[in-house]
Amino acid sequence: MTRAVDLIVIGAGPAGANAALAAARTGLSVTLLDEQPTAGGQVWRAPWPGLMRPARSVEDEEGNLLRTRLAESTVDLRFGRRIWSITDRFRVDAIGPDGNEGISAPRLIAALGAHERVVPFPGWTLPGVVGLAAATVLLKSHSVVPGQRVVVAGCGPLLAAVAAGIIKLGGDVAAVADLSGPGDWLSLTPNFATRPYLLAQGIGWASKLVTKQIPIYFRHAVRRAEGNGCVERVVLGPVDSHAAGVKRGEITLEADALCVGHGLVPGAEVTKLLRARHVYDRLRGGWIPEVDAVGRSSVAGLFAIGDGAGIRGAKPAQIAGELAGLAAAHDAGAIAPGDFARMAKPLQARLRGLGPFSRAAARLMAVRPEQVAGIPLETVVCRCEDVTRGEIEAAYEAGACEMNQLKHFTRCGMGPCQGRMCGDIAAELLAQHVGDREAVGYWTGRPPLRPVGFDDLIGTFSYSDIPIPNPAPL
Ligand SMILES: Cc1cc2nc3c(=O)[nH]c(=O)nc-3n(C[C@H](O)[C@H](O)[C@H](O)COP(=O)(O)OP(=O)(O)OC[C@H]3O[C@@H](n4cnc5c(N)ncnc54)[C@H](O)[C@@H]3O)c2cc1C
């Protein structure tokens with residue numbers, strides 16, 4: 001049976017949770033769904049149940065406050081629900097503890113967050129290679145270090161955050177390799193200074209690395225990870241200011257883990273599935289839904305907010321959430337237009353004020369086409385379907401000019417991750433021949449949005465209960 005509510009919100013991170021709270025305050029019936037066991041999303045992630053610890057950072061405190069506000073609200077909280085399908089206006093199907101649940105509403109807010117971009121290199125599929133953002137999950141949620149001796153590589157602020165987090169939990173960081181140079185960071189300092197707390201946090205992480213005498217290799221990237229069945233060594237090499245590899249000495253480090261990531265890609269799968277209009281914005285992570293100032297997409301009743309609508313970070317996600325929740329309430333007739341305008345104005349001003357910091361972080365984390373151009377032909381790009389760069393090049397030679405053709409020719413993006421891991425890089429590789437990312441497009445959104453088991457979908461049944469039709473008369 002499908003339940004009906006006024007508003008469904010998918011994703012209980014800073015964006016979705018605040019959207020749900022704002023809309024519920026106006027009297028709307030709101031259901032908030034997330035596959036995690038509790039609210040907080042990626043950045044305000046709660047420790048795994050049973051691993052409770054006292055709040056030890058501002059992020060912990062923000063997360064605890066959010067969870068308390070949700071618990072005290074009228075929002076119908078449905079955690080442990082994995083959304084796998086959404087049909088037109090808007091029936092949402094989620095797999096939860098009791099199997100499949102259907103909920104429908106005239107309005108839907110998609111706040112799915114982001115996933116990380118991994119630029120493939122030889123050895124990236126070895127056990128011991130962990131995404132940089134994924135490492136924050138290990139550290140925050142499980143208090144586990146990725147390895148005993150870890151190389152941390154890639155770009156953006158998560159580099160220092162992860163390296164400092166490993167040290168804090170007693171791990172050993174062999175080195176940090178940053179695609180950017182010190183000049184890139186320094187030139188963006190005025191932007192970072194617009195949020196003094198975050199700047200101080202970043203300086204704190206960096207000082208921890210300096211105090212511990214962790215080698216930091218600026219303008220370096222991972223050339224390859226080596227080992228017999230798991231990571232045993234990481235080889236770094238220098239890059240130029242565009243992140244293209246240069247022929248100079250390599251550095252080999254003994255390590256049993258490598259945390260590596262190159263920015264984030266917006267989780268726009270719901271807006272793609274529902275055929276909203278999208279635009280390509282390299283500095284906001286890639287293809288993002290076209291939205292108005294309060295998050296309304298081109299599909300009536302569908303909103304997209306937070307990192308899923310363009311990478312901007314946690315605080316902007318929180319404010320965009322509040323705005324979209326109020327806008328959904330306004331569209332439903334729960335707030336008068338004048339009241340809505342009065343409430344929206346200060347939120348929009350705060351959002352604008354956060355812009356310089358977000359843009360600086362995004363600049364450091366944007367995809368570098370020159371780095372992608374250096375991926376060796378034999379390197380796997382789509383690990384679910386074992387598709388190499390060479391096979392992507394061959395597909396182009398055979399006539400694949402856009403993403404759906406590439407998928408048909410190679411099966412790239414057809415595996416359980418539905419292209420979340422390889423899609424951005426496969427598109428970048430194709431774009432290097434075709435001309436630009438707009439021409440290459442993106443994979444048509446299709447269910448399932450996340451992997452789901454057939455047994456979850458059909459529930460438990462006995463074969464003897466299946467009606468067998470009588471044989472047709474001869
Ligand atoms: C792995 C990872 C780690 C990160 N770590 C940090 C960090 O340590 N510090 C930092 O400043 N920034 C971090 N970021 C960036 C951070 O995600 C954002 O800045 C911020 O959390 C954005 O808020 P949001 O509400 O838009 O998305 P999120 O906080 O990502 O929330 C999105 C929520 O949607 C849920 N969801 C998505 N798809 C489905 C589905 N199909 N079914 C059910 N639920 C779904 C997710 O479980 C998640 O809880 C990280 C990003 C990633 C991808």
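The values are calculated or read from the model by the stated rules, or taken from the named source; none is laboratory data. Keep in mind that what you see is a predicted model, and the values were worked out from it rather than measured. In this analysis, Cβ positions are derived from the backbone assuming ideal geometry, glycine residues included, and neighbour counts consider all displayed protein chains. Each accessible area value is taken on the protein alone, full model and side chains, heavy atoms only, with ligands, DNA and RNA left out. Shrake-Rupley method; radii C 1.70, N 1.55, O 1.52, S 1.80 Å.
In this structure, Leu70 does not satisfy being open to solvent by 30 Å² or more (accessible area, probe 1.4 Å) and among the aliphatic types (A, V, I, L, M). Please indicate, with yes or no, whether at least one residue in segment 108-117 is at pLDDT 95 or above and surrounded by fewer than 21 Cβ atoms within 10 Å (Cβ to Cβ). Scanning segment 108-117 turns up no residue that is at pLDDT 95 or above and surrounded by fewer than 21 Cβ atoms within 10 Å (Cβ to Cβ). All of Leu430, Leu474, Leu449, Leu457 fail the test of being at pLDDT below 95 and touching a helix residue (DSSP H, G or I) at 6+ places or on another chain (Cβ under 7 Å), apart from Leu449. Of note, Arg107 does not satisfy the criterion of being within 13 Å of the ligand (Cβ to nearest atom), charged (D, E, K, R) and touching a residue at least 60 places away in the same chain (Cβ under 8 Å).
Annotation note: Cβ proximity below 8 Å between a residue of segment 420-432 that is over 13 Å from Gln405 (Cβ atoms) and a residue that is part of a helix (DSSP H, G or I) and open to solvent by less than 10 Å² (accessible area, probe 1.4 Å) (sequence gap 6+ or interchain) occurs for Gly423/Met403; Ile425/Val372; Glu428/Val372; Leu429/Val372; Leu429/Ile392; Ala431/Val440; Gln432/Val372. Would you check if Ala23 is closer than 24 Å to Gly102 by Cβ, over 23 Å from the mean Cα position of the chain (by Cα), at pLDDT 95 or above and surrounded by 22 or more Cβ atoms within 10 Å (Cβ to Cβ)? Spelling it out, Ala23 is indeed closer than 24 Å to Gly102 by Cβ, over 23 Å from the mean Cα position of the chain (by Cα), at pLDDT 95 or above and surrounded by 22 or more Cβ atoms within 10 Å (Cβ to Cβ).
If the condition is being open to solvent by 50 Å² or more (accessible area, probe 1.4 Å) and free of Cβ contacts under 8 Å to residues at least 12 places away in the same chain, then segment 223-248 contributes Asn228, Lys247, Arg248. Whenever a residue of segment 279-297 is without any contact (Cβ under 8 Å) to a residue 40 or more places away in the chain, its partners that are in a strand (DSSP E or B) and aromatic (Phe, Trp, Tyr), lying with C-beta atoms within less than 6 angstrom and at least six residues away or across chains, give the pairs Arg296/Phe303. Leu77 meets all of the listed conditions (1) part of a loop (DSSP other than H, G, I, E, B); (2) in contact with a helix residue (DSSP H, G or I) (Cβ under 8 Å, 6 or more places away or on another chain); (3) surrounded by fewer than 21 Cβ atoms within 10 Å (Cβ to Cβ) but one, namely (1). Apart from one condition, Arg82 fits all of (1) touching an Asp or Glu at 6+ places or on another chain (Cβ under 6 Å); (2) more than 10 Å from the ligand (Cβ to nearest atom); the exception is (2). Checked against (1) open to solvent by less than 10 Å² (accessible area, probe 1.4 Å); (2) over 30 Å from Leu7 (Cβ atoms); (3) part of a helix (DSSP H, G or I), Ala344 passes all but condition (2). The C-beta contact set for segment 67-89 (first residue more than 19 Å from Arg107 (Cα to Cα), second residue more than 16 Å from the ligand (Cβ to nearest atom), distance under 6 angstrom, 6+ apart or interchain) comprises Ser73/Ala24.
Please determine whether any residue of segment 75-87 is β-branched (Val, Ile, Thr), over 21 Å from the mean Cα position of the chain (by Cα) and more than 17 Å from Arg3 (Cβ to Cβ). No, there is no match, as no residue in segment 75-87 is β-branched (Val, Ile, Thr), over 21 Å from the mean Cα position of the chain (by Cα) and more than 17 Å from Arg3 (Cβ to Cβ).
Restricting to segment 100-125, name every residue that is of a type outside the set (D, E, K, R) and in a strand (DSSP E or B). Asn100, Gly102, Ile103, Ser104, Leu108, Ile109, Ala110, Ala114, His115, listed by residue number.
Conditions tested, residue by residue: (1) within 17 Å of Val137 (Cβ to Cβ); (2) near the ligand (Cβ under 9 Å from one of its atoms); (3) hydrophobic (A, V, I, L, M, F, W, C); (4) touching a Phe, Trp or Tyr at 6+ places or on another chain (Cβ under 8 Å).
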| site | (1), (2), (3), (4) |
| --- | --- |
| Leu7 | no, no, yes, no |
| Pro14 | yes, yes, no, yes |
| Thr26 | no, no, no, no |
| Val43 | yes, yes, yes, no |
| Ser57 | yes, no, no, no |
| Leu70 | no, no, yes, no |
| Thr74 | no, no, no, no |
| Phe90 | no, no, yes, no |
| Ala94 | no, yes, yes, yes |
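Of all residues in segment 278-296, those being within 15 Å of the ligand (Cβ to nearest atom) and more than 16 Å from the chain's Cα centre (by Cα) number 2. Let me confirm something: among Ala324, Ala336, which residue is open to solvent by less than 30 Å² (accessible area, probe 1.4 Å) and farther than 22 Å from Val440 by Cβ? Testing whether each residue is open to solvent by less than 30 Å² (accessible area, probe 1.4 Å) and farther than 22 Å from Val440 by Cβ leaves just Ala324. Scoring Ser358 on the criteria (1) at pLDDT 95 or above; (2) surrounded by 20 or more Cβ atoms within 10 Å (Cβ to Cβ); (3) under 26 Å from Val222 (Cβ atoms) leaves a single failure, condition (3). The residues listed here are Gly301, Gly310, Gly306; of these, the one that is over 17 Å from Ala12 (Cβ atoms), within 19 Å of the chain's Cα centre (by Cα) and either open to solvent by 30 Å² or more (accessible area, probe 1.4 Å) or not acidic (Asp, Glu) (or both) is Gly310. Beta carbons closer than 6 Å, at least 6 apart along the sequence or on distinct chains, pair a first residue in segment 372-395 that is over 14 Å from Leu126 (Cα atoms) and acidic (Asp, Glu) with a second that is open to solvent by less than 10 Å² (accessible area, probe 1.4 Å) and in a loop (DSSP other than H, G, I, E, B) for Glu385/Gly415.
Given the criteria over 26 Å from Met343 (Cα atoms), of a type in the set (A, V, I, L, M) and assigned to a loop (DSSP other than H, G, I, E, B), does Ala46 qualify?
Working: over 26 Å from Met343 (Cα atoms): yes; of a type in the set (A, V, I, L, M): yes; assigned to a loop (DSSP other than H, G, I, E, B): yes.
Yes, satisfied.
Find the residue count for segment 157-173, including only residues that are crowded, with 22+ Cβ neighbours inside 10 Å and more than 16 Å from the ligand (Cβ to nearest atom). Final tally of qualifying residues: 1. Taken together, the residues in segment 126-151 that are part of a strand (DSSP E or B) and either open to solvent by 10 Å² or more (accessible area, probe 1.4 Å) or touching an Asp or Glu at 6+ places or on another chain (Cβ under 9 Å) (or both) amount to 5.
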